[in-house]
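K.L.:
Pasting a structure here, questions to come.
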Amino acid sequence: MALPPQDLAALRQDYSQRGLDLPELDSDPIHQFQHWLKEAHDSGLIEPNAMTLATVDASGGPWTRTVLLKACDSRGFSFFTNYDGAKAAHIAADSRAALTFWWGALERQVNVTGRLSKVAREESEAYFAVRPLASQLGAWASPQSTPIEGRAQLERLFEECRQRFAGAEVPCPAHWGGYRLDPETIEFWQGRRSRLHDRFRFTRSGGEGWGVQRLAP
Ligand SMILES: Cc1cc2nc3c(=O)[nH]c(=O)nc-3n(C[C@H](O)[C@H](O)[C@H](O)COP(=O)(O)O)c2cc1C
């Protein structure tokens with residue numbers, strides 16, 4: 001049964017937990033992000049590192065999907081994926097991308113824009129090595145983003161990989177690895193009452209420096 005239209009239209013949350021002002025923001029937005037991510041983690045949110053990743057295809061069409069942030073440092077925001085899938089084709093054609101984190105329990109959003117590039121091969125291999133076996137086999141088995149006949153085909157491919165690597169260490173596939181987004185803008189959003197939310201956008205001002213502006217909600 002569908003949610004009645006009037007119920008959908010009436011869904012409304014007023015945000016009242018806390019405000020956000022310039023003096024409490026770290027002058028380095030990466031440090032600020034790390035601070036908020038820790039709070040999201042500590043508040044018990046499911047998958048606090050889940051982020052919406054937007055890419056554009058070769059004709060400029062936008063696409064989004066969720067991926068998991070696996071590292072964040074002064075170099076940027078990293079995730080791992082299949083280098084043969086749809087998003088990888090988009091990134092090869094246009095490295096511009098955007099990320100959104102939504103931490104509902106904290107009434108917070110972070111938006112990031114920048115450019116993606118592949119992480120060093122050793123970095124992908126090091127992370128692949130610590131993934132659970134089933135995830136390692138899944139990376140070999142799944143032809144990400146391509147149509148398949150059915151669930152049975154996927155399970156057959158997985159089983160073939162399981163037998164192929166039985167008793168051996170599963171190597172990192174050449175078609176699997178990380179991307180890092182080098183940020184150009186990072187925006188911190190804190191929900192407030194009456195839709196008068198607080199927004200601060202950091203923009204890279206050349207070199208290592210950042211400028212910051214408050215934006216209307
Ligand atoms: C919570 C969540 C986390 C996910 N994490 C990843 C991830 O880290 N890497 C990945 O390739 N896909 C991840 N996925 C699957 C992607 O959303 C997507 O279906 C897949 O990457 C194929 O995207 P594409 O066809 O646009 O390339 C995740 C999905 C969800 C819902």
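The values are calculated or read from the model by the stated rules, or taken from the named source; none is laboratory data. This structure is a prediction, so every number in the text was calculated from the model and none was measured. Cβ coordinates were reconstructed from backbone atoms using ideal geometry, including for glycine residues, and neighbour counts include every protein chain displayed.
K.L.:
Applying the selection to region 76-104, what residues are within 8 Å of the ligand (Cβ to nearest atom) and among the charged types (D, E, K, R)?
P.N.:
Within region 76-104, LYS87 is the sole residue that qualifies.
K.L.:
Go over the candidates ASP42, ASP57 one by one and state the one that is modelled with pLDDT of 95 or more and away from the ligand (no atom under 16 Å from the Cβ).
P.N.:
On the way: ASP57 fails: away from the ligand (no atom under 16 Å from the Cβ).
Only one candidate qualifies: ASP42.
K.L.:
Collect the residues in region 169-217 that are closer than 15 Å to GLN109 by Cα and of a type in the set (S, T, N, Q), keeping them in residue-number order. Write out each step before concluding.
P.N.:
The first filter runs over region 169-217 and keeps only residues closer than 15 Å to GLN109 by Cα, leaving 185-192, 195-202, 214-217.
Scanning region 169-217 gives THR185, GLN190.
K.L.:
Could you give every pair whose Cβ atoms fall below 8 Å, whose first residue belongs to region 62-75 and is more than 8 Å from the ligand (Cβ to nearest atom), and whose second residue is of a type in the set (D, E, K, R), counting only separations of at least 6 or pairs across chains?
P.N.:
ALA71/ARG180; ARG75/ARG180; ARG75/ASP182
K.L.:
Could you look through region 158-183, keep only residues that are under 24 Å from the mean Cα position of the chain (by Cα) and surrounded by fewer than 16 Cβ atoms within 10 Å (Cβ to Cβ), and pick out the one that is farthest from ILE91 (Cα to Cα)? Let's see the steps before the verdict.
P.N.:
Initially, region 158-183 is screened for residues under 24 Å from the mean Cα position of the chain (by Cα), giving 172-183.
Next cut, surrounded by fewer than 16 Cβ atoms within 10 Å (Cβ to Cβ) only: 174-175, 182.
Details: ALA174: 17, HIS175: 14, ASP182: 13 Å.
Out of the qualifying residues, it is ALA174.
K.L.:
Related question: If only one of ARG199, ARG156, ARG151 is touching a strand residue (DSSP E or B) at 6+ places or on another chain (Cβ under 8 Å) and of a type outside the set (Phe, Trp, Tyr), which one is it? Full working, then the answer.
P.N.:
Numbers: ARG156 fails: touching a strand residue (DSSP E or B) at 6+ places or on another chain (Cβ under 8 Å); ARG151 fails: touching a strand residue (DSSP E or B) at 6+ places or on another chain (Cβ under 8 Å).
Result: ARG199 is the single residue among ARG199, ARG156, ARG151 that is touching a strand residue (DSSP E or B) at 6+ places or on another chain (Cβ under 8 Å) and of a type outside the set (Phe, Trp, Tyr).
K.L.:
Which of the residues that make up region 194-208 are surrounded by 11 or more Cβ atoms within 10 Å (Cβ to Cβ) and of a type outside the set (Ser, Thr, Tyr)?
P.N.:
The answer is LEU196, HIS197, ASP198, ARG199, PHE200, ARG201, PHE202, ARG204.
K.L.:
Related question: Condition first: assigned to a loop (DSSP other than H, G, I, E, B) and either of a type in the set (Asp, Glu) or under 14 Å from the mean Cα position of the chain (by Cα) (or both). Now tell me which residues in region 94-149 satisfy that.
P.N.:
Taking region 94-149 and keeping what is assigned to a loop (DSSP other than H, G, I, E, B), we get 94-95, 107, 119-120, 130-132, 142-149.
If the condition is that a residue be assigned to a loop (DSSP other than H, G, I, E, B) and either of a type in the set (Asp, Glu) or under 14 Å from the mean Cα position of the chain (by Cα) (or both), then ASP94, GLU107, GLU149 are the ones that fit.
K.L.:
Another question about this same structure. Where in region 22-74 are there strands (runs of 3 or more DSSP E), lying wholly inside it, with at least 3 residues that are of a type outside the set (Val, Ile, Thr) and more than 26 Å from GLU208 (Cβ to Cβ)? Quick ask: steps written out before the conclusion?
P.N.:
On the way: elements: 50-56, 62-68, 71-73.
Filter on region 22-74 gives 62-68.
K.L.:
Could you tell me which numbered condition ILE186 fails, if it satisfies all but one of (1) loosely packed, with under 11 Cβ neighbours inside 10 Å; (2) in contact with a Pro (Cβ under 6 Å, 6 or more places away or on another chain); (3) not basic (Lys, Arg)?
P.N.:
(1)
Per-residue answers, yes or no, for (1) farther than 25 Å from THR55 by Cα; (2) more than 16 Å from the ligand (Cβ to nearest atom); (3) hydroxyl-bearing (Ser, Thr, Tyr):
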position: LEU106; (1), (2), (3): yes, yes, no
position: ASN111; (1), (2), (3): no, yes, no
position: LYS118; (1), (2), (3): no, no, no
position: ARG131; (1), (2), (3): yes, no, no
position: GLN144; (1), (2), (3): no, no, no
position: GLU160; (1), (2), (3): yes, yes, no
position: GLY167; (1), (2), (3): yes, yes, no
